[in-house]
1. Is there a residue being in a helix (DSSP H, G or I), within 13 Å of the chain's Cα centre (by Cα) and not small (Gly, Ala, Ser) anywhere in region B:105-112?
2. Just wondering, is there one or more residues in region A:206-217 that are buried (at least 16 other Cβ atoms within 10 Å of the Cβ), among the hydroxyl-bearing types (Ser, Thr, Tyr) and over 30 Å from B:Glu147 (Cβ atoms)?
3. Would region A:182-195 turn up any residue that is part of a strand (DSSP E or B), touching a Lys or Arg at 6+ places or on another chain (Cβ under 9 Å), under 21 Å from A:Asp101 (Cβ atoms) and not polar (S, T, N, Q)?
4. In the list B:Leu189, B:Leu139, which residue meets the criterion of being over 28 Å from A:Ala105 (Cβ atoms) and out of contact with any Phe, Trp or Tyr (no Cβ under 6 Å at 6 or more places or on another chain)?
5. Before we move on, is B:Lys25 more than 17 Å from the chain's Cα centre (by Cα), closer than 18 Å to B:Gly117 by Cα and among the basic types (Lys, Arg)?
6. In region A:28-41, what residues are within 12 Å of another protein chain (Cβ to nearest Cβ) and either farther than 22 Å from A:Met304 by Cα or surrounded by 21 or more Cβ atoms within 10 Å (Cβ to Cβ) (or both)?
7. Taking the residues in region B:289-316 that are β-branched (Val, Ile, Thr) and touching a Phe, Trp or Tyr at 6+ places or on another chain (Cβ under 9 Å) as candidates, determine which candidate is surrounded by the most Cβ atoms within 10 Å (Cβ to Cβ).
8. Read through the list (1) under 18 Å from B:Phe75 (Cα atoms); (2) more than 12 Å from every other protein chain (Cβ to nearest Cβ), then give the number of the only condition that A:Ile76 fails.
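The values are calculated or read from the model by the stated rules, or taken from the named source; none is laboratory data. Keep in mind the model is a prediction, meaning the values are calculated, not measured. Ideal geometry is used to build each Cβ from the backbone, glycine not excepted, and the neighbour counts take in all protein chains shown.
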There are 2 protein chains.
Amino acid sequence: MKLAILFGGQSFEHEISIVSATTLKEKLSDFELTFIFCDQDHTLYWIDATKMKAQTFSSGAYTKEPLLEVTRGGFIRKKRFGSETLQMPVLNLIHGSDGEDGTIAGLLDFYNIAYIGPRRDASVFSFDKRYTKYLAKALGVKVLDCEVLHKGGSRDVSTPFPFIVKPSRLGSSIGVSIVRHADALDYALDVAFEFDESVIIEPFIEGVKEYNLAGFRAQGAMHYSIVEEPQKSEFLDFDKKYLDFSRSATVNEADLDASSVRALQENFATIYGSMFQGALIRCDFFLIDGEIYLNEINPIPGSMANYLFNDFSKAITQLLGDLPPGNKIHVNYQYIHTISAAKGK
Amino acid sequence: MKLAILFGGQSFEHEISIVSATTLKEKLSDFELTFIFCDQDHTLYWIDATKMKAQTFSSGAYTKEPLLEVTRGGFIRKKRFGSETLQMPVLNLIHGSDGEDGTIAGLLDFYNIAYIGPRRDASVFSFDKRYTKYLAKALGVKVLDCEVLHKGGSRDVSTPFPFIVKPSRLGSSIGVSIVRHADALDYALDVAFEFDESVIIEPFIEGVKEYNLAGFRAQGAMHYSIVEEPQKSEFLDFDKKYLDFSRSATVNEADLDASSVRALQENFATIYGSMFQGALIRCDFFLIDGEIYLNEINPIPGSMANYLFNDFSKAITQLLGDLPPGNKIHVNYQYIHTISAAKGK
């Protein structure tokens, strides 16, 4: 089965995306894979599978690979004489901005290219942690309360210590700090505002139980991964999470009873709804006093959370078999005809 | 000043967009305008200003005009020998899907083309009436409560009669009905579900006062239009609203005291926030028992609500002078270098 992996992007998580892509090269070896690299300037390159290693990108060697342009239904390689078109579904594996903020979704939708990944609304609601909370609350899924601060605005925080400071719109723990004392606040905010115009403040709950669950909808049913209780020091820092993106060995299932697993799945399905159709997402939950709270939605999880699925290739095949159709609207100019008739011209 | 008007689109409001574009041709005659038509298949044409009339499109004559492709920073016209690049800011004038759902925003962002129009998150929150309510509630702006029904799901409605049935995601009153009796419900739902997978039900308030206000932020300040009390029969039907998109004469200001105007402006500014930066939007409000309610956000109002501005050209010039910068992230591969060093390769 043909599949193009689109990775890289104009994103703080650009490098993580490269790691994810090289991981999927192994995990999806039964697919006929094409690798499309998006550099930080949005130039696209067709990367030969044998060159799919970190050094190809960090050394700049990728610039010698063939250029691709986006065209209706696929990608085109211009040659001296003629051109070659690549037509196949795309797996959007660009983490962070571009891939998860709706830019790539808009691009692929405009060019009518089928893809695995979040659509525009799914992107917007999962990319910004403030909007994730709007969505969860509207759907009746619990989230931690938060305060929002804006760059250059007030730095008064009413959440009691300790709390977490997070840029509103980044993943992979970039710019995130735990603040335990007032004198650490300014530095934590300075760090977070390096990455975003707004930050959120959430209570930090010592030793909170965290559970990760991935899944997707296909052929009319939800399909879930196993539940993992992620290992953490205090919380995952970027370096640790970075290594995490190269995970490929299946993990051990969290020690949870069947009803707790079911409850996590129900919360997952509520969030997934119809909005995330076409995407394989990972939801990270907290369990606090027996209640489930949504922490965040990863609409393009690191290495697609392959390590949570017993049969990851099958999951991707199922998804590919049920991608959302594009927007199809037939324009017939009936109103212009009516108006023209009314005006007598 | 150079400006490209991008119009048409794969949208139920495709024809309305053509009317908007021909209206702006007159209203922005002091600009150096380029007209870019997006047909229902997303093919782009460069339309000569002299051909900017409805018949060019309804007759199919536009297909004889030069083709354009999107490229970094602009649009390119391929010629037999060489090519010509158009580089100028774009006014996204595609109403409804494509233009207001984030597709065009994603496309223009990807290619780093400056534009007037809603960004991706602004699009998602204004395109779907459900999400507009999430946003308004989170920001403390009042909205009418609503029920949501899904295609193929329950048709039980608890809102008392009369109520309005609206597709979640369309503008221009398409698919909207007022339901006064139980026996009219099924037909109203059938009509609305023709256009969307979900519909919202809102109370219909006989004779409710409605006020429209347009505006934008530029150079650190909000700039508002006058407030209009739109004329309506019962509510604007599509044909009436369609004619409405060709409005170009400045309207009369609504009969409101200064404090009411200020209150509308404050609600507008709260919604606009930083999310709508780069867009000139129109918010439609209700006034119920002295309280202001947001009805809907039009992030690309018909003919850009030119008729609400005393100096529309100046408004567009101000906006063009303060468009949001693109996403600029410099990738330096420091993590890959670190990891490679740690691995000893």
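1. Checking region B:105-112: not a single residue is in a helix (DSSP H, G or I), within 13 Å of the chain's Cα centre (by Cα) and not small (Gly, Ala, Ser).
2. yes
3. no
4. The unique qualifying residue is B:Leu189.
5. For B:Lys25, the condition - more than 17 Å from the chain's Cα centre (by Cα), closer than 18 Å to B:Gly117 by Cα and among the basic types (Lys, Arg) - is met.
6. Once the filter is applied, which keeps residues that are within 12 Å of another protein chain (Cβ to nearest Cβ) and either farther than 22 Å from A:Met304 by Cα or surrounded by 21 or more Cβ atoms within 10 Å (Cβ to Cβ) (or both), region A:28-41 yields A:Phe37, A:Cys38, A:Asp41.
7. Per the criteria, the residue is B:Ile297.
8. The number of the failed condition is (2).
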